[in-house]
1. With the chain treated as a Gaussian network of Cα nodes joined by springs under 10 Å, which of GLN82, GLN300, GLN155 yields the largest mean-square fluctuation?
2. What net charge do the residues around LYS12 carry, taking every other residue with its C-beta under 14 Å from that of LYS12, with Lys and Arg at +1 and Asp and Glu at -1?
3. With charges set only on the Cβ (+1 for Lys and Arg, -1 for Asp and Glu), what does the dipole of the chain come to about its Cα centre, in debye to the nearest 20?
4. Count the DSSP beta bridges whose two residues both fall in segment 83-238, then state the antiparallel fraction as a percent rounded to the nearest 5.
5. Can you give me the three principal axis dimensions of segment 59-304 from its C-alpha atoms, in Å, biggest first?
6. With r as the distance between the Cβ atoms of CYS56 and THR91 and R0 = 30 Å, compute the FRET efficiency 1/(1 + (r/R0)^6) and round to 0.05.
7. Which order do the peptides 226-234, 277-285 take when ranked by the mean count of other beta-carbon atoms within 10 Å per residue, highest first?
8. Among 70-81, 14-25, 169-180, how do they line up by average Cβ neighbours within 10 Å per residue, starting with the highest?
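A short reminder: the numbers here are calculations on the coordinates, not readings from a lab. Note that the structure is a prediction, hence the values are computed from the model and not measured. Positions of Cβ are backbone-derived with ideal geometry, glycine not excepted, and every protein chain shown enters the neighbour counts.
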Amino acid sequence: MKSKKLIEMEDKYGADNYHPLDLVIKKAEGIWVHDVEGNKYLDFLASYSAVNQGHCHPRLLKVFRKQAAKCTLTSRAFRNDQLPFFNKEMTEMTGYKRVLPMNSGAEAVETAIKAARKWGYQVKGIKKNKAEIIVCSDNFHGRTTTIVGFSTEDQYKDGFGPFTPGFKVVPFGDAKALEAAINKNTCAFIVEPVQGEAGINIPPRGYLKKVEKLCKANNVLFIVDEIQSGLGRTGRMFAHNWDNVRPDGLIVGKALSGGFYPVSAFLADDEVMDVFNPGDHGSTFGGNPLGAAVAREAVQVIIDEKLVEKSEKHGEYFMEKLRAIKAKSIKKVRGRGLFIGVVLDRPARPYCEALMAEGLLCKETHENVIRFAPPLVVTKKDLNWALRRIEKVFKKLG
Ligand SMILES: *Cc1c(COP(=O)(O)O)cnc(C)c1O
């Protein structure tokens, strides 16, 4: 079936909650995707960093197939033979003592919120129902009603209230504001080390170090949402590694399954994770053997293929080349590793559409930022291919 027909069908029967670029992908491999007409595109979004390992990675496909033929779901009413390895390997990779697996990123964020609140009552001694969590302006942590309730993006909230109380917002990158907002009821500060959806916002140097100190001094949990920035995206395994901090809690998702299956997790040490007792929290699919097997392999691929190192090296190269492009519309190029935003003085959508026509897929974020975040398996040759198209589009559109 032709794209046009498929798009009509999708839109006729589906809810209108997305505004996708109009190509219909049929096949994807590594950094390339193919549409139903047979056109080939370089994917510079990587499914919002869920396919850092590249599309349909052969090692993941192999593990996925093998595990799917054996056992996919047990629920946590019973145990399975993959979860123990997932738990052990995740804690060894991150350095946290314990892990709690979920599916979507938003669920892992909800898990962190629950853990932080319960820790606040049981360990810190906050009075019942008084716990407060501090978050940042321009945050993106997912789409549940609790999470959108503390978003600063009007559209994310409009029409979805009333919202969960107990959250306070401070400006991103402002440690003084955080200090002023902390009180005896504060149980946690949740932050993205680099804000992806907000347009690749990088906080000032030393910010996370100050945050860590403030949280320690005030007995507040420092929790990072690395769902998008983690697993190699920024040229470190986790973006907070750039600042040499050790948060009390870590939230991961997206690339944790290399795009095969929703797998997310919350990680922390015993003092935090011990607040959970049987029946407190759970998920039918969380920790299932198919997801656990794929996630184990997805992490191993990142390590074996040195994707973290590649992200740093290629990110530096690509940013340098982007900065050399002379165009009136470009205000700034910012990024870390292959997590790059080109800030324009005008809407970015026409640029994304023009790039698509040239065979390069990327997506605008926050109106006037073009996000470049290809799968981390991208090579220098691929980057040069992309740069030629990007230069052409900026030459044309200014
Ligand atoms: C994508 C994302 C989420 C939400 O993950 P879902 O799997 O879409 O629920 C949360 N936090 C950050 C930083 C994200 O980028």
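1. GLN155
2. Cβ neighbours under 14 Å give a net charge of -2.
3. Rounded to the nearest 20 debye, it is 660 debye.
4. Beta bridges within segment 83-238, antiparallel portion: roughly 10 percent.
5. Principal axes ranked by extent give 54, 38, 38 Å for the Cα atoms.
6. Working from the Cβ atoms, E equals 0.60.
7. 226-234, 277-285
8. By packing density, highest mean first, the sequence is 169-180, 70-81, 14-25.
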